[in-house]
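The values are calculated or read from the model by the stated rules, or taken from the named source; none is laboratory data. It should be emphasised that the depicted structure is a prediction, and the values quoted were computed from it without experimental measurement. Neighbour counts run over all protein chains shown; Cβ positions are idealised from the backbone, glycine included.
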Amino acid sequence: MTVMEQRGAYRPTPPPAWQPRTDPAPLLPDALPHRVLGTEAAAQVDPDLLRRLYTELVRGRRYNTQATALTKQGRLAVYPSSTGQEACEVAAALVLEERDWLFPSYRDTLAAVARGLDPVQALTLLRGDWHTGYDPREHRIAPLCTPLATQLPHAVGLAHAARLKGDDVVALALVGDGGTSEGDFHEALNFAAVWQAPVVFLVQNNGFAISVPLDKQTAAPSLAHKAVGYGMPGRLVDGNDAAAVHEVLSDAVRHARAGGGPTLVEAVTYRIEAHTNADDATRYRGDSEVETWRAHDPIVLLEQELTERGLLDEEGIQAAREAAETMAADLRARMNQDPVLDPMDLFAHVYAEPTPQLREQEAQLRAELAAEAEPDSAAGSESEGRGR
Amino acid sequence: MTTVALKPATMAQALTRALRDAMAADPSVHVMGEDVGTLGGVFRVTDGLAKEFGEDRCTDTPLAEAGILGTAVGMAMYGLRPVVEMQFDAFAYPAFEQLISHVARMRNRTRGAMPLPLTIRVPYGGGIGGVEHHSDSSEAYYMATPGLHVVTPATVADAYGLLRASIASDDPVVFLEPKRLYWSKDSWNPDEPQSVEPIGRAVVRRPGRSATLITYGPSVPVCLEAAEAARAEGWDLEVVDLRSLVPFDDETVAASVRRTGRAVVVHESGGYGGPGGEIAARVSERCFHHLEAPVLRVAGFDIPYPPPMLERHHLPGVDRILDAVARLQWEAGN
């Protein structure tokens, strides 16, 4: 008898028992971004932390304006400013212990500086003086990453390796809203959740991936909602509220360190400047939108909170500004010196041992340099692109 | 002194043994990839490693090649020595951004501060009747990326020796495993101490005087067979097995061609933009005055890898190699 002939007597068999592996509700982010400044919760925050955040924000803003000025002077090849996003950058740096690792993207120079990296070293990539101006292991800061989201799986692997070695280390990885569309974002979050790796992902949703706004980037309710599909908690925070970003990231880091696995944090913020100094933001957004966000400035928010509670006076504000000026003057002075590069370094670090092919090319360049340095050489040293 | 009888062993067994020995010798060696744990890999190369060393050291990952390689980068940054498996040649392509943008240049971009000691095992090449996306020869892509070593064994002993050297290397190595040689057997005694072959040295597999066949990986046995067949035609062919595509052993190759005066490069991957063009150019640059004929190439056709029922027409076989050898009786003006 065929199935068709049986049809009158057909009774569907019950499906094998199935239920969702996790209740998604606890993983869901709050409906609105978490805020602390200007709410009752602010009173619970350590005043020293608030003052420290403030000093770092003021310094960070000055760093951004100074770096942008350096592009105009030709001292930096390019600078993607994080003006308006300083609360995210600073909080990301301050929540980490010394043994933890930071995985920045190209816009996160400030996070590296706030973590203690020499500002000039942090700018080597953007200056064109080699790619990474520091030893990542020494500072526990991965190289500034230009491809989008590709640093996220590195953070997962490092955090996983640390846990395998029994080390109490957390990795914090930074990515933008555009980066969440990349495959590496998905793969990193999936690996992190499956391995329960001690890693925290911070998405700085600054509204635009160069010119493409968020509504053309994703149809998700929020970027924090993406966490649920991977089985990790998603948190939504006001990215311009330094105290809130610090609190949410601290919770996530604590959770990761305690073996609770990864968290995806979306900080809602705004890129006040253009994508980089080479971009024209007026082509894709209006002034009024920018002005709305200027009114929600991270420094102003924190300054208001501190002033109203009597934790900061005019003298304190002045002191923070002076410290920032000192940093900027030092940065200017050192960036105005021409870096000395050794052309032979081109071959120094391709492999542990140069291949025979690279040795030949090394000899060729050495001979070319020697010919250039020769004072009596007919080609002379004054002409850069001399013909042959 | 007792003589130990050599037991026949397969290349796959030698690779397993190399992984096991490397893991036993160095606790920082971690094997990872899709199916490498419980199943022991689809080719069984990682068989038994999860059981012996635990799932933390031989890890079944989610199915995601960029994620496998990307997390391995992070693990290497923390001081481990990951050995990742890409399962099949064409499955590695999603991981190319990680490979090219990070793996290959991490040492360089950090000016030596952060080397990445990781090995990427890629079963490659055709001849096993695999369906689409299971038979690519992707070596040219790897060769074109500075910062990577690219090696490929053709014998059971080399499979062991080169894999141990790759894992011990402080630089990333793309370790190309010729799929159709996995079950090829050599007399190789796994109970004897094994030699670890330094990366970057070619070897003369068969000495000869009339011409040199320059080849590697899956084409080595084909070239040896062609050399035997050529004896009937009066040709005494030398066969050079490159073993390492990066770095390239110019010395061994040029010395051979200077002796024989004629050369044919043989490989499975397509000829246009393929390894043979680079090799032929290097030989021409070094041996021009010794050459009696142009350096020829016998390669796969410049087509997407064909379906299994047609692959025998695509893969360079003995006849096609012998045809090329016949063309080496070249006279100016021909």
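For the stretch B:188-210, a residue qualifies if it is within 27 Å of residue B:145 (Cβ to Cβ), of a type in the set (A, V, I, L, M, F, W, C) and touching a strand residue (DSSP E or B) at 6+ places or on another chain (Cβ under 7 Å), and the qualifying residues are B:199, B:202, B:203.
Across the stretch B:253-276, the qualifying residues are those that are buried (at least 18 other Cβ atoms within 10 Å of the Cβ) and closer than 27 Å to residue B:160 by Cβ, and the one among them that is nearest to the other protein chains (Cβ to nearest Cβ) is B:253.
In summary, helices (runs of 4 or more DSSP H) completely within the stretch A:72-159 and bearing 1 or more residues that are surrounded by 24 or more Cβ atoms within 10 Å (Cβ to Cβ) occur at A:86-94, A:109-114, A:119-122. Being under 13 Å from the mean Cα position of the chain (by Cα) and touching a residue at least 40 places away in the same chain (Cβ under 8 Å) is the requirement here; does residue A:155 meet it? Taking the combined requirement at face value, the residue satisfies it. Here is a check on your reading of the model: is residue A:224 aliphatic (A, V, I, L, M), free of Cβ contacts under 8 Å to residues at least 40 places away in the same chain and in a loop (DSSP other than H, G, I, E, B)? So residue A:224 does not fit the description; no.
The condition of being touching a residue at least 12 places away in the same chain (Cβ under 8 Å), within 21 Å of residue A:159 (Cβ to Cβ) and crowded, with 21+ Cβ neighbours inside 10 Å holds for only one of B:92, B:76, that being B:76.
Filtering the stretch B:117-132 to residues that are in a loop (DSSP other than H, G, I, E, B) and farther than 26 Å from residue A:141 by Cβ leaves B:125, B:126, B:127, B:128, B:129, B:130, B:131, B:132. Taking every residue in the stretch B:229-243 that is surrounded by 24 or more Cβ atoms within 10 Å (Cβ to Cβ) and pairing it with any residue that is among the aromatic types (Phe, Trp, Tyr), at least 6 positions away or on another chain, the pairs with Cβ-Cβ distances below 7 Å are B:241/B:216; B:242/B:216; B:243/B:216. Only one of these is within 22 Å of residue A:185 (Cβ to Cβ), modelled with pLDDT under 95 and among the polar types (S, T, N, Q): A:263, A:276, A:282. Name it. Exactly one of A:263, A:276, A:282 is within 22 Å of residue A:185 (Cβ to Cβ), modelled with pLDDT under 95 and among the polar types (S, T, N, Q), namely A:276. Number of residues in the stretch B:195-221 that are over 22 Å from residue B:164 (Cα atoms), surrounded by fewer than 24 Cβ atoms within 10 Å (Cβ to Cβ) and within 15 Å of the chain's Cα centre (by Cα) equals 1. Residues in the stretch A:26-40 that are assigned to a helix (DSSP H, G or I) and either exposed (fewer than 13 other Cβ atoms within 10 Å of the Cβ) or at pLDDT below 95 (or both): A:26, A:40.
Among the numbered conditions (1) of a type outside the set (S, T, N, Q); (2) touching a strand residue (DSSP E or B) at 6+ places or on another chain (Cβ under 9 Å); (3) assigned to a loop (DSSP other than H, G, I, E, B), the only one that residue B:213 does not meet is (3). Restricting to the stretch A:113-142, count the residues that are touching a strand residue (DSSP E or B) at 6+ places or on another chain (Cβ under 8 Å) and more than 14 Å from chain B (Cβ to nearest Cβ). Count: 1. Residues that are under 22 Å from residue B:201 (Cβ atoms) and either at pLDDT 95 or above or under 20 Å from the mean Cα position of the chain (by Cα) (or both) are absent from the stretch B:63-75. Count of the stretch A:195-217 residues, restricted to those that are surrounded by 24 or more Cβ atoms within 10 Å (Cβ to Cβ) and farther than 21 Å from residue B:67 by Cβ, is 3. Looking at the stretch B:1-116, the helices (runs of 4 or more DSSP H) lying wholly inside it that each contain 1 or more residues that are of a type in the set (Gly, Ala, Ser) and at the interface with chain A (Cβ under 8 Å from one of its Cβ atoms) sit at B:65-77. When every residue of the stretch A:5-20 is checked against the conditions, none turns out to be touching a helix residue (DSSP H, G or I) at 6+ places or on another chain (Cβ under 7 Å) and not in a helix (DSSP H, G or I). Filtered by the rule that a residue be buried (at least 23 other Cβ atoms within 10 Å of the Cβ) and not β-branched (Val, Ile, Thr), the stretch A:164-178 gives A:171, A:172, A:173, A:174, A:176, A:177. Scanning the stretch A:158-181 for residues that are touching a residue at least 24 places away in the same chain (Cβ under 8 Å) and facing another protein chain (nearest Cβ under 9 Å), we see that the one that is nearest to residue A:94 (Cα to Cα) is A:171. Inside the stretch B:222-253, residues that are outside any helix (DSSP H, G or I) and within 20 Å of residue B:151 (Cβ to Cβ) make up a count of 11.
Tell me, which helices (runs of 4 or more DSSP H) wholly within the stretch A:242-341 include 1 or more residues that are of a type in the set (A, V, I, L, M, F, W, C) and surrounded by fewer than 18 Cβ atoms within 10 Å (Cβ to Cβ)? The qualifying helices (runs of 4 or more DSSP H) are A:287-294, A:298-308, A:314-335. Can you find even one residue in the stretch A:118-141 that is within 20 Å of residue B:65 (Cα to Cα), at pLDDT 95 or above and touching a helix residue (DSSP H, G or I) at 6+ places or on another chain (Cβ under 8 Å)? No, every residue in the stretch A:118-141 fails to be within 20 Å of residue B:65 (Cα to Cα), at pLDDT 95 or above and touching a helix residue (DSSP H, G or I) at 6+ places or on another chain (Cβ under 8 Å). Taking the numbered list (1) surrounded by 16 or more Cβ atoms within 10 Å (Cβ to Cβ); (2) small (Gly, Ala, Ser); (3) not in a strand (DSSP E or B) in turn, residue B:299 passes all entries but (3). Remark: pairs (first residue in the stretch B:177-205, more than 30 Å from residue B:257 (Cβ to Cβ); second residue among the aromatic types (Phe, Trp, Tyr) and assigned to a loop (DSSP other than H, G, I, E, B); Cβ separation under 6 Å; 6+ apart in sequence or on different chains) = B:182/B:43. For the stretch B:151-168, the criterion of being of a type in the set (Phe, Trp, Tyr), in a loop (DSSP other than H, G, I, E, B) and either buried (at least 23 other Cβ atoms within 10 Å of the Cβ) or on the phi < 0 side of the Ramachandran plot (or both) is satisfied by no residue at all. For the stretch B:254-289, a residue qualifies if it is under 16 Å from residue B:139 (Cβ atoms), aliphatic (A, V, I, L, M) and either assigned to a strand (DSSP E or B) or out of contact with any strand residue (DSSP E or B) (no Cβ under 6 Å at 6 or more places or on another chain) (or both), and the qualifying residues are B:265, B:266.
Each residue in the stretch B:149-182 was checked for being of a type in the set (Lys, Arg) and farther than 17 Å from residue B:138 by Cα, and 1 of them qualify.
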